[in-house]
1. For region 162-169, indicate whether the set of residues that are touching a strand residue (DSSP E or B) at 6+ places or on another chain (Cβ under 6 Å), touching a residue at least 24 places away in the same chain (Cβ under 8 Å) and assigned to a loop (DSSP other than H, G, I, E, B) is non-empty.
2. Looking at the structure I just gave you, is SER90 free of Cβ contacts under 8 Å to residues at least 24 places away in the same chain and polar (S, T, N, Q)?
3. Looking at region 201-216, which of the residues that are hydrophobic (A, V, I, L, M, F, W, C) and assigned to a loop (DSSP other than H, G, I, E, B) is surrounded by the fewest Cβ atoms within 10 Å (Cβ to Cβ)?
4. So which residues in region 245-278 are farther than 19 Å from SER294 by Cβ and either surrounded by fewer than 15 Cβ atoms within 10 Å (Cβ to Cβ) or touching a Gly at 6+ places or on another chain (Cβ under 6 Å) (or both), if there are any at all?
5. Being more than 18 Å from the chain's Cα centre (by Cα), among the acidic types (Asp, Glu), closer than 29 Å to GLU236 by Cα and in a helix (DSSP H, G or I) narrows it down to one residue among GLU328, GLU384; which is it?
6. Return the total of residues in region 207-228 being of a type in the set (A, V, I, L, M, F, W, C) and within 15 Å of ALA282 (Cα to Cα).
7. I'm trying to understand the selection: among the residues of region 44-57, which are at pLDDT below 95 and surrounded by 21 or more Cβ atoms within 10 Å (Cβ to Cβ)?
8. Looking only at region 366-375, filter to residues that are part of a helix (DSSP H, G or I) and touching a strand residue (DSSP E or B) at 6+ places or on another chain (Cβ under 9 Å); which one of those is farthest from ALA309 (Cα to Cα)?
Amino acid sequence: MTENDIAFPQVSRRRVLHVLKWLPRGGIETWLTHIFANGANGPIQHEVLLMQDEIGPYEAKVRAAGVRIHTLPVRGWLTWLLALRRFLRSNGPFAVVHSHVDSIVSGPVLAVAAASGVPVRIMHNHAAQSQGANYQDLRYKVRELIGTSIIAAAATRRIAISEMAMEQSAGARWRERKDCTILLYGFDYSHFAESRARADRLRIELGIRVGCHVLGHVGRFASQKNHAFLIDTFAEYLRLDPEAVLVLIGHGPLKAQVQAQVDRLEIAGSVRFAAGTDDIAAFMSLFDVFVFPSFSEGLGIVALEAQAAGTPVIMPENMPHEVIVIPEAVTLLPLDAGARAWAQEIGQILGQRAPDRAEWLARVEGSAFGLERCIADLNAIYREELAKHA
């Protein structure tokens, strides 16, 4: 019996049910796969409940970690919430329901968990979308208010990945509450160490000549990620560096719209749409600069991954600063400076001396975003909540 087993009384492995929409190659899901893969012998038995039939690209990794995947597709919200109650009662007992979906959905999920007798109910906010200019409409704000109000009554703990994300979840006075905790992500960075050789192969596969500057972006094609500004910025940068190439990684509903913008600006020959990938490290190593013009992010882990790969980042000033591990790696510039100013700043970044990639990786590995620290802190939260609600 280990120390962790002793710390969780009565049973050695408490069942934690993580509620997610599905398992794409997104930031939340990437983080969870690292937690699952490195926590198999810990005190927690992780399980996943997905809200749609399509499981997603991370299915194999999650199952390989010994994590059971349940699916409960949403056909109608009232019907689904009743089905969730039946699921929790028939498949339990669960010690914890840990919800990773937005507050509009998490509120009812945790309310049903409370009604089903689940003792620990956690809302985990991974986003700060209400901070973005594209999420200021009244309808969104009203739904967000309803969701957070339900969470205030149903959740036993609120976790967020940054102060900005916590303020969205619990309000400006969240520091006065004992049920609010900032939990920085933690990752396994071992796959970054040898990523340069894989990046060289990617350059060949994508048809990018040696010596050409590569600008890169990783993110879902959705309004929050601000691809229209990114494309305008790259078009401006091409005036300064006609041989440059932009590589875009991701899927999403606005992909066709972005492709149309690229065609309209007549820059298709300089843009590569690379879809999704399991090897973000290789792409980050391929990039000479990571361009990250999102309207809002809960944290922005792709900026962290860029730093781990030794790649400079340019991003808006209003992004969470917790992700800045290497200050000299990150350039902050407001979006209202405009695409031309962003293009000029990218030129300045690329004119600087190349970073020591191994040194940047070591700094990220030794930062607060280390995996062991994160697993220990997450288990401590579970332990505290289970003790309070035993």
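1. Of the residues in region 162-169, the ones touching a strand residue (DSSP E or B) at 6+ places or on another chain (Cβ under 6 Å) are 165-166, 169.
Going one step further and asking which of them are touching a residue at least 24 places away in the same chain (Cβ under 8 Å), we end up with 165-166, 169.
When the remaining residues are screened for being assigned to a loop (DSSP other than H, G, I, E, B), the result is none.
No, region 162-169 contains no residue that is touching a strand residue (DSSP E or B) at 6+ places or on another chain (Cβ under 6 Å), touching a residue at least 24 places away in the same chain (Cβ under 8 Å) and assigned to a loop (DSSP other than H, G, I, E, B).
2. Working: free of Cβ contacts under 8 Å to residues at least 24 places away in the same chain: yes; polar (S, T, N, Q): yes.
So SER90 passes the test.
3. Here is the first cut: in region 201-216, the ones hydrophobic (A, V, I, L, M, F, W, C) are 202, 204, 206, 208, 210, 212, 214-215.
Right, trim to assigned to a loop (DSSP other than H, G, I, E, B) and you get 206, 208, 210, 212.
Numbers: LEU206: 14, ILE208: 19, VAL210: 7, CYS212: 14.
My answer is VAL210.
4. ALA256, ALA260, ASP263, ARG264, GLU266, ALA268, GLY269, ALA275, ASP278
5. Values: GLU384 fails: closer than 29 Å to GLU236 by Cα.
Result: GLU328 is the single residue among GLU328, GLU384 that is more than 18 Å from the chain's Cα centre (by Cα), among the acidic types (Asp, Glu), closer than 29 Å to GLU236 by Cα and in a helix (DSSP H, G or I).
6. Taking region 207-228 as the starting set, the residues that turn out to be of a type in the set (A, V, I, L, M, F, W, C) are 208, 210, 212, 214-215, 218, 221-222, 228.
If we keep only those that are within 15 Å of ALA282 (Cα to Cα) as well, we get 208, 214-215, 218.
Total satisfying the criteria: 4.
7. ILE44
8. Taking region 366-375 and keeping what is part of a helix (DSSP H, G or I), we get 371-375.
Subsequent filtering for residues that are touching a strand residue (DSSP E or B) at 6+ places or on another chain (Cβ under 9 Å) retains 371, 374.
Details: LEU371: 17, CYS374: 20 Å.
Across region 366-375, the extreme among qualifying residues is CYS374.
The values are calculated or read from the model by the stated rules, or taken from the named source; none is laboratory data. Keep in mind that what you see is a predicted model, and the values were worked out from it rather than measured. Methodologically, a virtual Cβ is constructed for each residue, glycine included, from the backbone with ideal geometry; neighbour enumeration extends over all protein chains shown.
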